[in-house]
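Data first, discussion second: the structure below is written as structure tokens.
Just so it is clear, none of the values below were taken in a lab; they were calculated from the coordinates. Everything quoted here is computed from the prediction, not taken from an experiment. Neighbour counts are summed over all protein chains in view; Cβ atoms, including those assigned to glycine, are modelled from backbone coordinates with ideal geometry.
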Amino acid sequence: MLILGILASGGGTNFQAIIDSIESGFLKADIAVLITDNPEAHAVERAKKHNIEPLVLRPKDFTDKNAYYSHIAGELRKRGVELVILAGFMRVVGKTLIDQYRDRIMNIHPALLPSFPGLHGQKQAADYGVKISGCTVHFVDEGMDTGPIIIQASVPAYHDDSEESLGKRILAQEHKIFPYAIRLYSEGRISINGRKVVITGERQDESMINPPLAHPHP
Ligand code: GAR
């Protein structure tokens, strides 16, 4: 059974989607710990409700970024975590964690990378006026949302979209592709070849969950 460690800073709806996928049997994995940098994160309540250990670790309690992320890596390793999931973790992960979990950290980003990396991907896309946006699950490297892309989903974007309306449409897709990407990993179907993620036996619908024009205007 694949052992996951989740890092989240906020509401934790992606965390919840992963919990639900495990509970429904879609995803064969165990969540060993939920680590958050934010004591107020609703993700903590979700963890408690599902008997997952919550661990609050605040950067300000550590001497520097390296110390913070090597402590997190230690907590993950102690629990046998094999794959680290950034489910709305609003920080650029430090090298000390990346080094210990090279190619074993997945992040979800609310835009079609490489467009609109960094914070507020939904707002960046809405402000830019794109007609298609979406979300991306990728491996984490030292850059800002630059690691190899595992899976993406697209949604239409409209001229009158706000950050919220577009973000809501994107979030619904996030909840589908994140568990899906973890499932591909748990089945041993993912390997990395340079910038490219190779999915063994990839079907047409597996690297992009929904075609762009499949959704009517709400
Ligand atoms: C999600 O939209 C996720 O893609 C985004 O934060 C939100 C967290 O929602 N992550 C980033 O922007 C990372 N840079 P959630 O807490 O409800 O899962």
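Side notes on the structure shown:
- If you check ALA73, ALA47 for being touching a Pro at 6+ places or on another chain (Cβ under 8 Å) and surrounded by 15 or more Cβ atoms within 10 Å (Cβ to Cβ), only one passes: ALA47.
- Scanning region 31-41 for residues that are surrounded by fewer than 18 Cβ atoms within 10 Å (Cβ to Cβ) and in contact with a Leu (Cβ under 7 Å, 6 or more places away or on another chain) yields a count of 0.
- Taking region 102-127 as the range and being under 28 Å from GLU164 (Cα atoms) and more than 9 Å from the ligand (Cβ to nearest atom) as the test, the residues that pass are ILE105, MET106, LEU112, LEU113, PRO114, SER115, PHE116, LYS123, GLN124, ALA125, ALA126, ASP127.
- Per the conditions (1) surrounded by 13 or more Cβ atoms within 10 Å (Cβ to Cβ); (2) assigned to a loop (DSSP other than H, G, I, E, B); (3) not acidic (Asp, Glu), the sole criterion not satisfied by ALA125 is (2).
- Looking at GLY134, GLY147, just one residue is touching a strand residue (DSSP E or B) at 6+ places or on another chain (Cβ under 9 Å), part of a loop (DSSP other than H, G, I, E, B), within 20 Å of ASN14 (Cα to Cα) and not hydroxyl-bearing (Ser, Thr, Tyr), and that residue is GLY147.
- Output for region 183-199, where each listed residue is of a type outside the set (A, V, I, L, M) and either in a strand (DSSP E or B) or more than 23 Å from VAL81 (Cα to Cα) (or both): SER191, ASN193, GLY194, ARG195, LYS196
- Helices (runs of 4 or more DSSP H) within region 1-117 that include 3 or more residues hydroxyl-bearing (Ser, Thr, Tyr): 65-78
Residues are listed down the side, and each one gets a yes or a no for (1) buried (at least 18 other Cβ atoms within 10 Å of the Cβ); (2) touching a residue at least 60 places away in the same chain (Cβ under 8 Å); (3) within 16 Å of the ligand (Cβ to nearest atom); (4) within 24 Å of VAL137 (Cβ to Cβ):
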site: ALA43; (1), (2), (3), (4): yes, no, yes, yes
site: LYS60; (1), (2), (3), (4): no, no, no, no
site: VAL84; (1), (2), (3), (4): yes, yes, yes, yes
site: LEU97; (1), (2), (3), (4): yes, no, yes, yes
site: GLN100; (1), (2), (3), (4): no, no, no, yes
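- Filter result for GLU164 (exposed (fewer than 14 other Cβ atoms within 10 Å of the Cβ) and within 16 Å of the ligand (Cβ to nearest atom)): yes
- GLU206 being assigned to a loop (DSSP other than H, G, I, E, B) and touching a helix residue (DSSP H, G or I) at 6+ places or on another chain (Cβ under 8 Å): yes
- Count of region 102-118 residues which are closer than 21 Å to ILE3 by Cα, free of Cβ contacts under 8 Å to residues at least 60 places away in the same chain and under 11 Å from the mean Cα position of the chain (by Cα): 2
- Condition met for VAL140 (touching a residue at least 40 places away in the same chain (Cβ under 8 Å) and surrounded by 15 or more Cβ atoms within 10 Å (Cβ to Cβ)): yes
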